[in-house]
Amino acid sequence: MKIVINTCYGGFGLSDKAILKIAELKEITLYRKSEDSFYSSPDFDDESYFSEYDIERDSLELVQAVEELKEESNGDHANLKVVEVPDDVDWYIEEYDGLEHVAEVHRTWS
């Protein structure tokens, strides 16, 4: 399974080019209300707000956009990378100040 992570301090973020590529792959028409916001409806209501943070990190469209666009997929303060983990791993993304890695879910107690 392929997963997209951010490999630098700052945090996950997508460029406009990557957002538009993902929308194209998902066959979604996006509308722009301002320089930094996209909506899936020309009504520009809260329900149609398109957030890059709602995209699953293992989304085929996200992975494809990052693989195709490479560094052009990076948003501000991001350096995106596609990592591969075995399909049977129950994973999550661990981060510190925006620097991320994929970790396997395990049990913890405190």
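Quick notes on this structure:
- For the range 42-60, the criterion of being under 11 Å from the mean Cα position of the chain (by Cα), among the hydrophobic types (A, V, I, L, M, F, W, C) and under 26 Å from T7 (Cβ atoms) is met by at least one residue.
- Selection within the range 56-110: residues that are small (G, A, S) and surrounded by fewer than 15 Cβ atoms within 10 Å (Cβ to Cβ). The member of this set that is modelled with the highest pLDDT is A103.
The values are calculated or read from the model by the stated rules, or taken from the named source; none is laboratory data. Values in this document were obtained by computation on a predicted structure and should not be read as measured data. Cβ: placed from backbone, ideal geometry, glycine included. Neighbour counts: every protein chain shown.
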